[in-house]
Structures are given as C-alpha cells and as structure tokens.
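The values are calculated or read from the model by the stated rules, or taken from the named source; none is laboratory data. Note that the structure is a prediction, hence the values are computed from the model and not measured. Cβ atoms come from the backbone with ideal geometry, glycine included; neighbour counts cover every protein chain shown. In case anyone asks, the SASA skips ligands and DNA or RNA and just uses the protein heavy atoms, side chains included. Shrake-Rupley method; radii C 1.70, N 1.55, O 1.52, S 1.80 Å.
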Amino acid sequence: MKTPAEFLNATEAAKRLGVSVKALRLYEQRGLIAPVRTSAGWRTYGPAQMERAREIVALRSLGLSLAEIGRVLAEERRQLGATLAAQQSVLEIRMHDLHATVEKLRRLRLDLPADHEAVPATLAQMQAQSPETGPGLALELPWPWGGETFTLNGLHPLTYITGPLGSGKTRLAKAIATTLPGCAFVGLDRLEETCRLSATRRLDEDAALRSRIGTTVARLVDDGAVASSALIVLLLALEADASAFVIDMVEQDLDAASQTALIGHLRDGRADRRPIFMLTRSNAILDPGALRSGETIILCPANHSPPSEVAPYPGAPGFESVAHCLASPEVRARTQGVIAWRAGVA
C-alpha cells in the first residue's frame with residue numbers, strides 16, 4: 001500500500017536517518033518515537049516523527065543512552081545542558097585514558113626486549129611506573145601477617161583486592177581505609193535493611209542526589225544491569241565526600257549482568273578518578289586479562305605471605321594465583337554462605 005508523499009516507510013526513514021530499521025524499532029519500544037500506522041498496520045514516519053527521530057539520532061551520536069535521551073525529551077529539554085555537561089566530563093576522562101594508553105604503547109614499543117622471556121618483567125615494570133597513579137601508600141600489616149610493611153607504588157583509580165577464603169582480604173582492606181586520610185569504607189552492612197531505608201530517605205530528601213543516582217542507574221540498566229536496592233545503595237555510597245573508597249565484596253547481591261555493567265561504569269563512566277579499592281572474587285568484576293591503564297591487583301596469598309601487587313599479564317608473579325581465586329557470579333552465588341575455617345579472617 002502506498003503512503004502519502006510526506007510519509008516514509010521504515011526502510012526509507014532509516015536510510016535518511018543513517019540508522020538501521022532495528023534502531024527505529026528500538027526507539028519505538030523505548031517510547032521515544034511513535035510511528036503512524038496505515039490502515040493496513042504498516043509503520044510510517046511523517047515530518048513530526050522524522051524530526052523527533054533526527055533529534056534522537058543526534059543525541060545518540062553524542063554518546064547519550066536511550067534512557068538519558070528519554071528523560072531529555074520528556075522534560076522538554078530543560079535538563080539537556082546538565083546532561084551534556086555530564087557526558088562531556090565522561091568523554092574527557094576517556095580521552096585522557098586513551099592518550100595515556102597510547103603513550104604506554106609508544107614506550108613499550110621502544111623498550112620491548114628482544115628476549116621474549118623478559119617481556120613479563122618489562123610489562124610489570126611499566127605498570128608500576130604508570131604516570132596515572134597518585135602518591136603511594138605504606139602501612140603496617142595487621143594480624144595474621146605479623147607486622148610486615150605493605151607498600152603501594154601509587155593509588156590507582158581502580159584497585160582489586162582478591163585472594164582465597166581466609167587470606168585476610170577484609171583485614172587488609174580495613175587497614176588501607178584506616179591509613180588513607182579521608183577514605184570511606186563501604187562494608188557489607190550496606191545490604192542491611194536499616195542502611196537501605198537510610199539510603200531511601202537520603203534520596204527522598206535530596207533531589208539533586210536523586211537525579212544523579214537515577215541517571216547512573218539508567219545508564220547501567222541500558223548496559224544490562226538490574227536496578228536493585230543493592231546496586232542503588234552501592235552507588236549512593238560512592239557519592240560520599242571522601243578522598244578514596246574501599247568496598248567490601250563489591251559483587252555482593254548483584255547478578256552477573258549487573259556486575260559487568262557496574263565495572264564498566266567504574267572504569268569508564270565516572271566523572272572523577274578518586275581511588276576505589278574493591279574486594280572481589282568474581283571474574284565478572286576482575287578479569288586479569290582485561291585490566292587497563294590505571295588499574296592494579298593486590299593478591300592476599302593463602303599461606304598468609306604478605307599481600308603483593310600482581311601485574312595483569314600471564315607469566316607475572318602471582319598471575320595464576322589470582323586467576324584461581326576468581327569464579328563466575330553463578331558459582332560465587334552458590335558459595336555465598338561458605339565461610340573460612342579461621343573465624344574472623346575473610
């Protein structure tokens with residue numbers, strides 16, 4: 001059936017917009033656009049629909065999620081300036097990270113040894129000398145290590161703390177939180193009902209905070225996360241006025257998709273680079289082969305040897321031990337109730 005000249009079918013509309021027909025259907029499913037139906041039920045796009053679609057495509061080209069675009073359109077564009085400013089901050093951080101990675105590649109190509117056996121050591125040294133790290137950290141280790149000193153070469157935007165059950169991860173994390181001035185410790189008590197109710201009250205009382213958390217949750221949902229109370233409380237904890245954060249078992253009560261979306265956000269979606277230390281045993285949170293510049297791993301060995309930084313490259317000391325500590329979110333969920341044989345050491 002022919003449509004009026006000013007109306008286009010889905011294929012024609014998609015071609016003019018430079019997107020796929022599937023993208024148009026997705027915009028419709030998200031309630032962003034409503035095509036006009038012919039008497040036979042075919043979708044058509046008139047001038048009003050095409051104008052709306054062009055706006056959506058333009059905002060998508062800036063990196064906004066469909067959820068963010070929906071809010072911009074629903075609020076008659078009053079929030080467009082703030083949304084674009086937030087997106088600019090995220091993109092500027094990514095650009096900085098890309099420049100740093102390019103510089104690392106350049107230096108690595110110049111310094112790459114001819115001896116292949118020496119490559120892991122060269123990579124580990126490059127990681128330790130990363131220009132993105134802040135001032136270092138030195139602390140006296142608590143029991144069960146017996147007073148040894150633990151030193152970090154620098155404070156990274158993301159630091160993963162892992163190790164088997166009973167290796168002392170939580171004790172190390174609390175010692176780091178105590179040693180770093182202004183550091184906030186985000187414990188598992190965040191999952192208790194009283195903390196969740198307190199978080200709800202904070203959001204109810206602070207409209208700006210509620211808007212920021214809502215924007216972040218919408219981005220994560222776009223990436224596959226489930227908007228659970230555990231996720232919201234964790235994001236809210238990261239809004240605290242702190243110089244750094246230590247998070248106990250960051251994956252707790254989050255499904256696999258939410259964990260993947262969360263680590264993507266912590267890596268790429270933050271508008272600041274305050275250091276975050278995360279305890280984890282989930283391979284959805286920590287993939288040693290996928291670490292980027294500005295990330296590092298701390299391993300707490302099973303035999304209570306002192307914790308150490310592990311370079312994220314096969315062959316580096318401790319790399320295989322880290323891999324053996326990690327499991328899929330499904331396996332971690334099944335073993336959630338398992339505790340270490342030595343009480344009080346996590």
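Summary table
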| quantity | calculated |
| --- | --- |
| Test result for Ala302, within 22 Å of the chain's Cα centre (by Cα) and on the phi < 0 side of the Ramachandran plot | no |
| Yes/no for Asp223 being in contact with a Gly (Cβ under 7 Å, 6 or more places away or on another chain), at pLDDT below 95, of a type outside the set (A, V, I, L, M) and over 23 Å from Leu299 (Cα atoms) | yes |
| So Pro135, is it of a type outside the set (D, E, K, R), more than 27 Å from the chain's Cα centre (by Cα) and either part of a loop (DSSP other than H, G, I, E, B) or modelled with pLDDT under 65 (or both) | no |
| Residues (of a type in the set (A, V, I, L, M) and closer than 17 Å to His156 by Cα) located in the range 255-295 | Ile263, Leu266, Ala271, Ile276, Met278, Leu279, Ile285, Leu286, Ala290, Leu291 |
| Residues being surrounded by 12 or more Cβ atoms within 10 Å (Cβ to Cβ) and in a helix (DSSP H, G or I) - total across the range 12-47 | 13 |
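Results for (1) open to solvent by 40 Å² or more (accessible area, probe 1.4 Å); (2) in a helix (DSSP H, G or I), shown as yes or no for each residue.
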site: Thr194; (1), (2): yes, yes
site: Asp253; (1), (2): yes, no
site: Ser258; (1), (2): no, yes
site: Leu262; (1), (2): no, yes
site: Ala271; (1), (2): yes, no
site: Met278; (1), (2): no, no
site: Ile285; (1), (2): no, no
site: Thr296; (1), (2): no, no
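Yes or no, residue by residue, for (1) exposed (fewer than 14 other Cβ atoms within 10 Å of the Cβ); (2) touching a Ser or Thr at 6+ places or on another chain (Cβ under 7 Å); (3) without any contact (Cβ under 8 Å) to a residue 40 or more places away in the chain:
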| residue | (1), (2), (3) |
| --- | --- |
| Arg201 | yes, no, yes |
| Ala208 | yes, no, yes |
| Ile213 | no, no, yes |
| Arg219 | no, yes, no |
| Val233 | no, no, no |
| Leu236 | no, no, yes |
| Val246 | no, no, no |
